[in-house]
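What follows draws every value from the coordinates through simple rules; no lab data is involved. Because the structure is a prediction, the values reported are computed rather than measured. Every residue, glycine among them, receives a Cβ derived from its backbone with ideal geometry; neighbour counts consider all protein chains shown.
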Number of protein chains: 2
Amino acid sequence: MSAEVVDSNPYSRLMALQRMGIVENYERIREFSVAIVGIGGVGSVAAEMLTRCGIGRLLLYDYDKVELANMNRLFFRPEQVNMTKTDAAVQTLSDINPDVVLESYTMNITTVQGFETFVSSLKNKSFRPNKEGSGVDLVLSCVDNYEARMAVNQACNEMNQTWMESGVSEDAVSGHIQLLIPGETACFACAPPLVVASGIDERTLKREGVCAASLPTTMGVVAGLLVQNTLKFLLNFGQVSPYLGYNSLKDYFPTMEMKPNPQCSNVACLERQQEYIVAKPARDAALKAKMEAEALLVPEFPLHADNEWSISVVDDSGLDSMDATSSDTLPEGLVRELPSADKSQELPTSEAPLTSNDDLEDLRRQLEALNS
Amino acid sequence: MSAEVVDSNPYSRLMALQRMGIVENYERIREFSVAIVGIGGVGSVAAEMLTRCGIGRLLLYDYDKVELANMNRLFFRPEQVNMTKTDAAVQTLSDINPDVVLESYTMNITTVQGFETFVSSLKNKSFRPNKEGSGVDLVLSCVDNYEARMAVNQACNEMNQTWMESGVSEDAVSGHIQLLIPGETACFACAPPLVVASGIDERTLKREGVCAASLPTTMGVVAGLLVQNTLKFLLNFGQVSPYLGYNSLKDYFPTMEMKPNPQCSNVACLERQQEYIVAKPARDAALKAKMEAEALLVPEFPLHADNEWSISVVDDSGLDSMDATSSDTLPEGLVRELPSADKSQELPTSEAPLTSNDDLEDLRRQLEALNS
């Protein structure tokens, strides 16, 4: 991956991220494998973005064919109608960047055989044999139904594989992305989405005569946020968002964090939660060691040594007493309706404060009596 | 534009926006003309989104050629290298959706001749002869330099043309979109961007050996936000954002509004500001008439008539007294460290409260004495 700044280098604008201090080592992207499940309006754009960023290897999963009805979203072209989405994606992506290793799986991961193939493809380490854990660095879920999300969730919980979920609403005007780390964050079964609680059968969305709305804008934004979060996660820059929503009608972007549910119905999730709790002392020790190591690296020169704006520290004891005087002396003829700031802190002590040692001893005795 | 829900209809998922109550009349999009200045990382994706949405007519402006160094952004393909960006865009867009009328201008709008051609192309009304104002409904600025932005600003101020500006930072990790309505909001000269204030010559960005970073993610998100705002503006749904920023490192999206600067250096801006002030009484009267007409349309049935969750109003006087009792009776052996909620409101009245009529009369007399 050349950093040479010439018009003929497809990586020059990416390698510039290093020179600008955003990413420490951009070339590491060549080592990473990302699996994308669902090559629709979000997944196809996510695949194109990662391909243009020079990702090492992409694994693509879909069983659908390209239709003219998909033309209102980015990526697929009318001449690809009737091709499988995986074949069409490989055609376009290999043309854009032949450096990326592409693997495509034309199958439904919610079938028994499809799920097995999905899991074994994620475990395959031939691209980077000495990698820890599975054969991929991240799984991106870009599917449009609950069953497929639960299949990704099951596979990732079983394999202890970090993944990101994405989704767009049926009315096409909102969406979200979410980071899921087995045992550490909520899994997809810990907090089922509302669409399930209200009893809508998502399979109806796929039926002839019933269709959800979609827009290339919302799907492009969600794909962009998803791959940006992926780059931050893989290349270790910025803050990786645990959850980011997109309400396009109000341009509102809610964020939140979700802890795992100790009553989760997914057995593999409960196992990962247990492992996460057991590993806490080791994690804390590693964090402490890291912070101590970083403390040794603190530079010797003071912060803001140049002081461009000539900001100086002023002794404010004079200001303090002046302020106290001015607040006590009101103009003649005026009286306070409420006590001044200082006096309002003198609260009435109608009941004895709980501060003496005797009272504490007394309480402790009562507590022990209750426990025995 | 058919709303038929079959796999062979490229507009079915867009027309579904109507059935879902998001857009009142989606087909109106066929009447609109949008000009896109700059067909780079943001402009090309914005053009593709509008093309896939079935926009009536697109006007494209750029003087650059496609280079391999552009392959880290969406849209252009390696086989288009050395084509002009306008020709390559027309090739791809007409293939995606032949229903869109495409006009391309391969020229630099910052030259005298380029600027004249730019303005006259915007004024051309052959697509919709009875349209008010100019021949386009919106201008999108997707350029990468200050001079070109100032040229768009000048043309739009002169023509009283609403436009939207977009931009991505040199370090590739933040961006923004902004709505500019001459006379009503700040124009681009009212509040010059910081990059000018700090004295960087943006032309250096184009030189061999010096290059800014860029990412398909940030540019895809900015293009998505820009075209979403465009759809909301044209099709009249949701809230059109006056300014929306995107800080990808923190996933932070600042918003703000900017009023025009009465000391703006742009003469045309000052003229539009004056017109806007003069038209205020007529605008207020129209707004009042619209609100009165809408008040007449209020439905007769009560809000939430169905009450799906069986929510009912309960007399809470019983709850109130119960609560008061429980907060007064602490378990045996415990005392309060601070007064209870009710007692804390009994503030000390060390100074006379300002409530008697005499005191008010006294103050009023003093005030009159001061004023005389």
> Measuring label to label, 7 Å along Cα→Cβ, what does A:ASN307 give against each other copy in nm, shortest first?
Replying inline: 7.0
>> Past 23 Å, Cα to Cα: identify those pairs from B:LYS259/B:LYS280; A:LYS123/B:LYS250; A:LYS125/A:LYS288; A:LYS65/A:LYS131, in the order given.
In response: A:LYS123/B:LYS250; A:LYS125/A:LYS288; A:LYS65/A:LYS131
>> Please give me the summed charge of the neighbours of B:PRO254: other residues whose Cβ is under 15 Å from its Cβ, Lys and Arg +1, Asp and Glu -1.
In response: -1
>> Run the simple label-point estimate for B:SER94 and A:LYS250 please: 7 Å along Cα→C-beta, distance reported in nm.
In response: 4.5
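How big is Rg to Rh over the range B:205-274, alpha-carbon atoms, Rh as the Kirkwood inverse-mean-distance radius? Write down the numbers at each step before the final one.
Numbers: Rg = 16.8 Å, Rh = 15.4 Å.
Value, to two decimals: 1.09.
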> With a ≥ b ≥ c the root eigenvalues of the C-alpha gyration tensor of the range B:69-130, is it rounded (a/c under 1.5), prolate (a/b larger than b/c) or oblate?
Replying inline: oblate
>> Largest first, please: the extent of the C-alpha atoms of the range A:1-71 along each principal axis, to the nearest Å.
In response: 42, 24, 18
> What's the Kirkwood radius of the range B:36-101 in Å, using all Cα pairs?
Replying inline: 11.7
> Points 7 angstrom from Cα along the Cβ direction at A:ASN130 and A:GLU27: gap in nanometres?
Replying inline: 1.6
> Going highest first, how would you order B:119-125, A:155-161, B:44-50, B:27-33 by mean Cβ packing within 10 Å?
Replying inline: B:44-50, A:155-161, B:27-33, B:119-125
> Shortest first and in nm to one decimal, what separations exist between B:GLU27 and its copies in the other chains, measuring from label points 7 Å along the Cα-to-beta-carbon line?
Replying inline: 5.9
>> Under the rule a/c < 1.5 gives rounded, and otherwise a/b versus b/c splits prolate from oblate, where does the range B:1-143 land using the Cα gyration tensor?
In response: oblate
> Check A:TYR243: other-chain or 5+ apart residues with amide H under 5 Å from its amide H, H built from backbone geometry?
Replying inline: A:LEU179, A:MET256
